[in-house]
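Written below as structure tokens is the structure these notes are about.
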Amino acid sequence: MSARRAAPLLAVVLALASAGSAAAAGSGLSPSERSTLRGYAAHTWASLVAMTDPDSGLPADSLEADGTPSVQTSTTNIGAYMWSTVVAERLGIISHVEAAARLTRTLTTLEGMERHQPSGQFYNWYDHRTGAVLTVWPPTGAPVKPILSSVDNGWLAAGLKVVAGAEAGTAPAVARQARALFDSMHFGFYYRPEANRIAFFYAPSDGESPCCYDTIVSESRIASYIAIATGESPANEYFGSWRTFPDTCDLSWQETKPIGVTRTYLGVNVFEGAYPYDGFKVVPGWGGSMFEALMPSLFVPEDKWGPRSWAINHPLTVAAQIHHGLVDAGYGYWGFSPSNIPEGGYDAYGVDAIGMNPDGYFSNEDHTGVNHGFGDCPGRAAVPDPPPSAYSNGVVTPHASFLALRWAPEQALANLAKLRSSFDIYDKWGFRDSVNVDTGAVSGSYMSLDQGMIMGAIGNALAGDVLRDAFATKDVRAALRPIISMERFGAGPRDAADDLH
């Protein structure tokens, strides 16, 4: 890639790296920026109130613009609602009395919901009005096979851990209730020693349990963090996932040939691979989405504990998303992550060039992707990158900008302001879930999880890393920090040796 194209990304990365530590606790935000974020939080919270059943205390999966909530909810949604309630209390949007009442209602419903024993794991989908396990999908009537999802239970457990930590001093009964539920969920249930990784899910009806999550840059690492912190998985499980798949022709289905070396941690050989992206090397996710890369960092201070890994890779991921949106695709906007298709439906969006999925998470509805080839491997010659004109119907989701807030506060706020001014995407319930930046079509609904990510990012920025402090307690720090701190990713600037690779 030419120096002319690499230089703008270099400037962005340097800016992000210097801004990251200050933005971590919101100290780098101006009074005007803090006021803007608090306004976003108030309206986002209003959407979560509108989609939460007043009797069960469970949020719906989504809320239509006319105020109609979906019937279904997931364990992830419930976790997101609980940590959003903590944020709303800390920001003064609701009173302590209201927060305690809401959390008590939700926790009491959780205590009575059907789940698997002896694992204590919850099923994936429930009726948000009653807490009953779903066996029929409400929108279509299609049958649903109840499963236990490792990552979705991970997000529920994260919400419980946040409530237990944040409410311990002011609402001890609520904190004890949350802690008891957290302690009853056993994540070693998913650990597969032969792979040294965690399974995707377990289906009690037929024993199906496919193995396993492959990549470290994945939302699934929240479940691994919890299992390691509770002593249910070995510490070296953290190194069982790929950073990239190895640099061999047997794995040349990757769209980019990785650059890296092999290192050993806790007896596990790890290929510290990274993908070249313009002037940098980035450890990719499966799909190159913001959600995969950054959502776990709402709770675990990965950048602080991993100065040679996540502290480098997270800002590079943000920079790559910005560069793709503004330069490679020329959308004028950025922020690509799983979200609603603006015209209806759901899809997984991302930056194809920083994803390992050969079928791509694309940034647009027309699925414009890249193929950088794989060196001299047969049939794997590189294909020239598409020009910006090839990227039509780009889909941007606001929650991706909020996830980037820690590392790029100025850029994130500017992107959100531009989305608001250009499209009918913001109203009394905050940001709609997505927009087609070419046609201006805006999603007709709000997604519970995505609103929860927005609340979490704002809470950390305005309330002194409230989610991180509540989740990363002394026991979690003791278990995870030594593991994360020992690793050195392959991410960073490219050099002459890389170009010869």
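The values are calculated or read from the model by the stated rules, or taken from the named source; none is laboratory data. Nothing here was measured: the structure is a model prediction, and the numbers come from that model. Positions of Cβ are generated from backbone atoms using ideal geometry, with glycine treated the same way; all protein chains shown enter the neighbour counts. Surface accessibility is based on the protein's heavy atoms, side chains included, excluding ligands, DNA and RNA. Shrake-Rupley method; radii C 1.70, N 1.55, O 1.52, S 1.80 Å.
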*In segment 101-155, which residue that is farther than 16 Å from A178 by Cβ and in a strand (DSSP E or B) is most open to solvent (accessible area, probe 1.4 Å)?*
P143
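Being part of a loop (DSSP other than H, G, I, E, B) and open to solvent by less than 10 Å² (accessible area, probe 1.4 Å) is the filter; apply it to segment 268-301 and report the residue that is nearest to P493 (Cα to Cα). I'd like the intermediate steps shown before the answer.
At the first step, the residues of segment 268-301 found to be part of a loop (DSSP other than H, G, I, E, B) are 278-279, 283-284, 286-289, 299-301.
Next, from what is left, pick out any that are open to solvent by less than 10 Å² (accessible area, probe 1.4 Å): 283-284, 287-289, 299-300.
Values: V283: 12, P284: 15, G287: 22, G288: 18, S289: 21, F299: 27, V300: 25 Å.
Among those residues, the one meeting the criterion is V283.
Test A408 against the criterion of being under 26 Å from S62 (Cβ atoms) and small (G, A, S), and give yes or no.
On the way: under 26 Å from S62 (Cβ atoms): no; small (G, A, S): yes.
So A408 does not fit the description; no.
Please go through segment 376-421 and pick out each residue that is among the small types (G, A, S), open to solvent by less than 10 Å² (accessible area, probe 1.4 Å) and within 30 Å of V300 (Cβ to Cβ). Break it down into steps so the answer makes sense when it comes.
Of segment 376-421, the ones among the small types (G, A, S) are 379, 381-382, 389-390, 392, 394, 400-401, 404, 408, 412, 414, 417, 421.
Now drop any that are not open to solvent by less than 10 Å² (accessible area, probe 1.4 Å), which leaves 394, 400-401, 404, 408, 412.
Answer for segment 376-421, where residues must be among the small types (G, A, S), open to solvent by less than 10 Å² (accessible area, probe 1.4 Å) and within 30 Å of V300 (Cβ to Cβ): A400, S401, A404, A408, A412.
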*Which residue, of E33, E64, is under 30 Å from K145 (Cβ atoms), charged (D, E, K, R), in contact (Cβ under 8 Å) with a residue 12 or more places away in the chain and open to solvent by 30 Å² or more (accessible area, probe 1.4 Å)?*
E64
_Would you confirm whether or not segment 344-357 contains a residue that is open to solvent by 10 Å² or more (accessible area, probe 1.4 Å), in contact with a strand residue (DSSP E or B) (Cβ under 7 Å, 6 or more places away or on another chain), within 14 Å of T397 (Cβ to Cβ) and of a type outside the set (F, W, Y)?_
no
*Out of all the residues in segment 307-341, which are out of contact with any Asp or Glu (no Cβ under 9 Å at 6 or more places or on another chain) and either part of a loop (DSSP other than H, G, I, E, B) or modelled with pLDDT under 95 (or both)?*
P307, A329, G330, G332, Y333, W334, G335, F336
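May I ask you to say which residue of A463, A478, A472 is under 20 Å from A311 (Cα atoms) and crowded, with 20+ Cβ neighbours inside 10 Å?
Details: A463 fails: under 20 Å from A311 (Cα atoms); A478 fails: crowded, with 20+ Cβ neighbours inside 10 Å.
The conditions single out A472.
Identify all residues within segment 307-321 that are closer than 19 Å to R477 by Cα and open to solvent by 10 Å² or more (accessible area, probe 1.4 Å); write none if there are none. Let's see the steps before the verdict.
At the first step, the residues of segment 307-321 found to be closer than 19 Å to R477 by Cα are 307-311.
Scanning segment 307-321 gives P307, R308, A311.
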*Picking from S84, S95, S74, which residue would you name as being surrounded by fewer than 21 Cβ atoms within 10 Å (Cβ to Cβ) and among the polar types (S, T, N, Q)?*
S95
*Checklist (1) of a type in the set (D, E, K, R); (2) in a loop (DSSP other than H, G, I, E, B); (3) open to solvent by 30 Å² or more (accessible area, probe 1.4 Å) applied to K304, failing item*: (2)
_Looking only at residues that are in contact with a strand residue (DSSP E or B) (Cβ under 7 Å, 6 or more places away or on another chain) and more than 13 Å from F187 (Cα to Cα) in segment 217-235, which one is surrounded by the most Cβ atoms within 10 Å (Cβ to Cβ)?_
V217
*When T170 is evaluated against the numbered criteria (1) over 24 Å from the mean Cα position of the chain (by Cα); (2) of a type in the set (S, T, N, Q); (3) crowded, with 22+ Cβ neighbours inside 10 Å, which criterion, by number, is the only one it fails?*
(3)
*Please give the number of the condition M51 fails out of (1) aliphatic (A, V, I, L, M); (2) in contact (Cβ under 8 Å) with a residue 60 or more places away in the chain; (3) within 19 Å of A175 (Cβ to Cβ).*
(3)
*Report the residue count in segment 236-267 for those that are closer than 16 Å to E194 by Cα and crowded, with 16+ Cβ neighbours inside 10 Å.*
6
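If you scan segment 249-263, which residues turn out to be assigned to a loop (DSSP other than H, G, I, E, B) and more than 21 Å from R494 (Cβ to Cβ)? Give the derivation first.
Here is the first cut: in segment 249-263, the ones assigned to a loop (DSSP other than H, G, I, E, B) are 252-258.
Matches in segment 249-263: W253 only.
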*asked:* Where the second residue is modelled with pLDDT of 95 or more and not in a loop (DSSP other than H, G, I, E, B) and the first is more than 18 Å from G355 (Cα to Cα) and of a type outside the set (F, W, Y) and lies in segment 368-388, which pairs have Cβ atoms under 6 Å and are six or more apart or on separate chains?
replied: C377/C249
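Within segment 469-500, restricting attention to residues that are closer than 21 Å to L316 by Cβ and among the basic types (K, R), which residue is modelled with the highest pLDDT?
In the first step, residues of segment 469-500 are kept if they are closer than 21 Å to L316 by Cβ; the result is 484-499.
Now narrow it down to the ones that are among the basic types (K, R): 488, 494.
Details: R488: 98, R494: 84.
Ranking the qualifying residues of segment 469-500, first place goes to R488.
Kindly establish whether L416 is over 15 Å from Y349 (Cβ atoms), touching a Pro at 6+ places or on another chain (Cβ under 7 Å) and not polar (S, T, N, Q).
On the way: over 15 Å from Y349 (Cβ atoms): yes; touching a Pro at 6+ places or on another chain (Cβ under 7 Å): yes; not polar (S, T, N, Q): yes.
Yes, satisfied.
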